[in-house]
Amino acid sequence: MAEKLLIAGNWKMHKTPAQTEEFFKEFLPLIEGINNVEILICPPFVSIPSAVEATNNSYVKIGAQNCYFEKEGSFTGEVSPVMLKEVGCKYVIIGHSERRHLFGESDELINKKVISALEEGLKVILCVGETLQERESGLTFTVVETQLKLGLSGVEDNLDRIEIAYEPVWAIGTGVPAQPEEAQEVHRFIYQKLGELNPKKADQVRVLYGGSVKPSNAEAILSQPHIKGVLVGGASLKPDSFAQIVRIGSQLSG
Ligand code: PEP
């Protein structure tokens, strides 16, 4: 079993290098001594070096929000897993719903990115989740299963280096999270599908919930049996709110 909850922050396109330094000055003292949960922050690419430097002597890990699948070459505007590794990233988020829906990323492209990131030794957080229309059409489980199967194609043996984030698109950035029991139902289904992909490693995967997580709902969400962490957008931008979520995870783990 993966032993610690993963409390991850996705900053999206927020915070310059200077703002990143400011964040950690405030945040690190608030979570000092907490080592029973894993803490991860994923800043924009240009702020990664500041974040790595600021967290050098802490338990906080730094990741990226995206990558390309080639190592190098004529791919204007892209960043490779090799580059992310060298600047100190431990994780990369792949297939976030904003990448899928705003930037048109397909499951096939996402799968290439997953494979490439794993090859470079990064851990991957693969995001899956249905739109409101898909949920209302009763397609939640079909969509999630397809995204999992296509996204993880060929990496079944490496499941122990993958985390999944279940992020219902209708709950991201809306302030309206899924009900904890509603999320739990999908998380249980995801573990069942991961078990079909690799029965030996499925329980080493942490399936995180993402979508309007805040200090006021984190306890109810993290108390569900198949929810092994959270991926937090808006509430990870403020040191005190993200620290509160980390502390809630830590208390539930204590
Ligand atoms: C996210 O960006 O992955 C996310 C879950 O955002 P928010 O917490 O703001 O809904």
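FYI, it's all coordinate maths here, none of it is from the lab. These figures come from a predicted structure and were not determined experimentally. Don't worry about glycine lacking a Cβ; one is built from the backbone with ideal geometry, like all the others, and counts go over all protein chains shown.
Run the helix sum for the chain: -39,500 (n - 2.57) per DSSP H stretch of 4+ residues, divided by residue count, reported at 222 nm to the nearest 500 deg cm²/dmol.
Taken over the chain, the calculation gives -12000 deg cm²/dmol.
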Exercise. So which chymotrypsin sites (Phe, Trp or Tyr not before Pro) in the range 9-117 are both in a DSSP loop and have at most 13 other Cβ atoms within 10 Å of their Cβ?
Worked result: Phe75, Phe103
Exercise. For the chain, modelled as a GNM with alpha-carbon contacts under 10 angstrom, which of Ala117, Ala64, Ala178 fluctuates the most?
Worked result: Ala178
Exercise. Expressed as a whole number of Å, what is the distance separating the alpha-carbon centroids of the range 194-254 and the range 1-78?
Worked result: 16 Å
Problem set entry | Links that overshoot a 20 Å alpha carbon limit, given the list Lys25/Lys61; Lys4/Lys61; Lys90/Lys149; Lys12/Lys112; Lys85/Lys112 | Lys90/Lys149; Lys12/Lys112
For this session: Once you have a ≥ b ≥ c as the square roots of the Cα gyration tensor eigenvalues for the range 40-120, tell me rounded if a/c is under 1.5, and otherwise prolate or oblate according to whether a/b is larger than b/c.
Result: prolate
For this session: Determine the dipole magnitude for the range 5-252: charges of +1 sit on the beta-carbon of Lys and Arg, -1 on that of Asp and Glu, nothing else is charged, the reference point is the Cα centre, and the result goes in debye to the nearest 20.
Result: 280 debye
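Rounded if a/c is under 1.5, else prolate if a/b beats b/c, else oblate: with a ≥ b ≥ c from the C-alpha gyration tensor eigenvalues square-rooted, which is the chain? Display every interim value, and only then the final one.
Values: a/c = 1.44, a/b = 1.09, b/c = 1.32.
Since a/c stays below 1.5, the shape of the chain is classed as rounded.
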Exercise. Which order do peptides 200-209, 29-38 fall in by mean Cβ count within 10 Å, highest first?
Worked result: 200-209, 29-38
